[in-house]
Amino acid sequence: MVFGSRRFWFKLHGWFSLPVWLLFSFVCVTGTIAVMSHEITWITNPEARAENPKNLPKKSMVELFKAVQAQVPDAKVTRIMELEPYLVTAVFVNREDKPPAILYVNPYSAKVQEVNQGLTFIGFMRMLHGWLLFPWHHHYSVGYYLVTLMAFVLMGALISGLVVYKKFWRCFLQPKLRLNQGRQAFYKDFHRLVAIWSIWFFVIMSLTGIWYFVQAVMWHNEVPLWKEAKPISQQVMSQAQQKSLQSPDVLSAALKRSESEFKNFQPKMISFPEHNRDYFRVAGTEGAFLFDDYSYQLLVNPWNDEVSDVRKPSQMNVLQVISHIADPLHYGTFAGLWSKAIWFVFGLLLSTMSITGFLMWSKRTIIKPKKAV
Amino acid sequence: MKVFWLRYRFWINGFILLLPFWFLYQALTPPPLESKWAKKQSGEFSAEVRPMDKEPPYLHDGKREKDFSVIFGDSCANKVKQAYLRVATSAPNLPDDDSGIVHGNTSIQHAHVPFPDVIKTDDRLWLTIQDWQGRIIQLSWVLEK
């Protein structure tokens, strides 16, 4: 076999995906389901829906916070997270002698519709797809590496496949799918047809996947992507008078700072200070295309309302930009339900690639085992 | 045998997919909590500590750390302005940095405690609390092996 020959590339194509074809397909299927996990939750759990029969305006995070305090008096809020307009706002809380919970709060009526103490479907799919439920050892998970290595498998299979498939661009003009000439012909045509029409999707998935791999290596080696703000100084603390940070006024002040810092700012996630030397972290969006909902962030000191750190796309370096555009591209969330639906369909198609590839190989091997790849 | 291997070798990766079931089972049946260290009291403040696991300290930013729960008693958690859990031979001062800071918003809180490379015989685990009046309260435990 000559290096660089068509046969070489064909073998390489097989070696990229055949040894891991089941794992690859599993990662693709779980990722495809995860794309629609919010919508599946909406369908299966009425308590997760943001019904608005009275056509009320959306309530602010401060109003939702007050409503939570009134309805679940022992709740100490750690995070408020706004989701799609048709879903409840998730309010993460701790309570005395109870496990941490997520309150499902209707963003229009401010009613607490569910107290979820267990694992959510959204969370489960994310863990299953992201790291196959492998445990985390502080900074790394073997499962996370396994899954992100699939990005290299995909990229390798795509490049080698395009080299093997001569004049593949013809598939755009003359798509061929033989349905009645035997299974092998069908698998072959389907495999090629799906691949060629999904090149753009495979490139996005593998590039974002490679970013997740890079991110995993950075986590593992504790290479920070951001310069973290120092804790609130002892000098500020010495002047801090007693007050609870679980207060609508303090939250309101932090939100006002973010609104004056950014234009057209829509807060999407607020993390409460974990201790008294910690900050309110307000994250949101100005609607920049492709950037995720947390691309604009600031830290607010709850004792003097000073802003300690600001993050926004115009000040990000290349890796920081990638970290904020990777998720919308990988999950297909950048244009709402429509882009998610497209991602779902192409995710399903991608899931079939290693299966049809394996079936073709298997048929050849069973008939002529000695000529196996 | 060779034919068998050639035919079935690419199914081996399927065994990886059994592992999520095992890890799910493990996650649903967590090991029992470590036992709490004896309750310590000083004035209106009392606390117990509990290591999060049996493991030795892990490396974080090149330094050794071990995670602890801090269980404040007698509703004293909201009287705490700031608190730190640290290993030292004598009562430590309030630090400028936040390593070992006790965090959480209920009676059960957590701390990532910096551990020295070598534990000296007179090293103790110190909980240093500052209350809202600026007073310092310190509780300490003998380090278990």
**Report entry** Shielding by partners - mean other protein chain Cβ count within 10 Å, residues of A:140-150
**Finding:** 1
Report summary line: Per the charge dipole of chain B (beta-carbon charges, Lys/Arg positive, Asp/Glu negative, Cα centre), the residue among B:Y25, B:I137, B:F4 reaching farthest to the positive end is B:F4
**Report entry** Debye, to nearest 20: dipole size of the protein assembly as shown, +1 on Lys, Arg Cβ, -1 on Asp, Glu Cβ
**Finding:** 3380
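On average, how much accessible surface per residue is there in chain A, in Å², for a 1.4 Å probe, leaving out ligands, DNA and RNA? Could you put the intermediate results ahead of the total?
Working: 18850 Å² over 373 residues.
Per residue, chain A has 51 Å² of solvent-accessible surface.
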Query - Listed residues A:D293, B:D96, A:D278 arranged by accessible area, highest first, probe 1.4 Å - result: B:D96, A:D293, A:D278
Query raised in the report: If one takes the longest principal axis of the Cα atoms in chain A, at what angle in degrees, from 0 to 90 and to the nearest 10, does the Cα axis of helix A:121-131 lie?
Result: 50
Query raised in the report: So, in nm, how far is label B:D61 from label A:N317 when the simple model puts each one 7 Å beyond its Cα toward the Cβ?
Result: 1.7
Report summary line: SASA check, B:K2, accessible area w/ 1.4 Å probe, all protein chains in place, rounded to nearest 10 Å², comes out at 150
Query raised in the report: Heavy-atom accessible area of B:I16 with all protein chains present, probe 1.4 Å, nearest 10 Å²?
Result: 40
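Using the Cα centre of segment A:245-326 as the reference point, and only Cβ charges (+1 on K/R, -1 on D/E), how large is the resulting charge dipole? Debye, rounded to the nearest 20.
Working: 8 positive and 11 negative charges, 27 e Å.
About 120 debye.
In what order, largest first, do B:R50, B:R124, A:R311 sit by accessible area if the probe radius is 1.4 Å?
The residues order as B:R124, B:R50, A:R311, largest area first.
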Query raised in the report: Counting only protein chains, not ligands or nucleic acids, how are B:L33, A:L251, B:L17 ordered by accessible area (probe 1.4 Å), most first?
Result: B:L33, B:L17, A:L251
**Report entry** Mean-position separation - Cα centroids, segment A:198-263 and segment A:333-347, in angstrom
**Finding:** 26
Query raised in the report: Where in segment A:12-43 does accessible area fall by at least 20 Å² between the isolated chain and the complete protein assembly, at a 1.4 Å probe radius?
Result: A:W15, A:L18, A:P19, A:W21, A:L22, A:L23, A:F26
Report summary line: For segment B:70-145, the per residue accessible area (1.4 Å probe, Å²) is 47
Query - Sum of side-chain charges, A:D249 neighbourhood, beta-carbon under 15 Å (Lys, Arg +1; Asp, Glu -1) - result: +2
Query raised in the report: log10 I(q)/I(0), Debye, Cα-only the protein assembly as shown, no solvent, q = 0.06, 0.10 Å⁻¹?
Result: -0.38, -0.94
**Report entry** Accessible surface buried once B binds A (1.4 Å probe; total of both sides; Å²)
**Finding:** 3400
Requested in this report: Could you tell me the accessible area of A:W169 in Å² (1.4 Å probe, neighbours in place), rounded to the nearest ten?
Outcome: 140
Report task. Would you tell me the mean number of C-beta atoms belonging to other protein chains that fall within 10 Å of each C-beta in B:93-100, as a whole number? Result -> 3
Query - Using alpha-carbon coordinates, inclination of helix B:19-28 to the longest axis of chain B, degrees - result: 30
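Would you work out the relative contact order for chain B, in percent, from Cα pairs under 8 angstrom that are 6 or more residues apart?
Computed value for chain B: 20 percent relative contact order.
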Requested in this report: Pick out, from A:A101, A:S160, A:N180, the residue whose Cα sits farthest towards the positive end of the charge dipole of segment A:88-194, with +1 on the Cβ of Lys and Arg and -1 on the Cβ of Asp and Glu.
Outcome: A:N180
Query raised in the report: If you roll a 1.4 Å probe over the protein assembly as shown with all protein chains in place, what percent of the accessible area is carbon or sulfur?
Result: 61
Query raised in the report: Relative to the longest principal axis of chain A, what angle (0 to 90°, nearest 10) does the C-alpha long axis of helix A:21-35 take?
Result: 40
Requested in this report: Mind listing, in residue-number order, the residues in segment B:1-31 that have at least 30 Å² less accessible area with every protein chain present than in their own chain alone (1.4 Å probe)?
Outcome: B:L6, B:R7, B:R9, B:F10, B:W11, B:N13, B:I16, B:L17, B:P20, B:F23, B:L24
Query raised in the report: Once you charge only the Cβ atoms, +1 for Lys and Arg and -1 for Asp and Glu, what is the size of the charge dipole of segment B:1-105 about its Cα centre, to the nearest 20 debye?
Result: 620
Report summary line: In whole angstrom, the spacing between the Cα centers of segment A:131-193 and segment B:75-129 equals 52
Query raised in the report: Averaged over peptide A:272-284, how many Cβ atoms belonging to another chain are found within 10 Å of each residue's Cβ?
Result: 3
**Report entry** Residues in segment A:67-98 that, when all protein chains are in place, have 50 Å² or more less accessible area than the chain alone would give (probe 1.4 Å)
**Finding:** A:E96
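The values are calculated or read from the model by the stated rules, or taken from the named source; none is laboratory data. Model, not experiment: these values are computed from the prediction. Quick reminder, even Gly has a Cβ in these numbers, built from the backbone with ideal geometry, and neighbours come from all protein chains shown. Heads up: the accessible areas ignore ligands, DNA and RNA and are worked out on the full protein's heavy atoms, side chains in. Shrake-Rupley method; radii C 1.70, N 1.55, O 1.52, S 1.80 Å.
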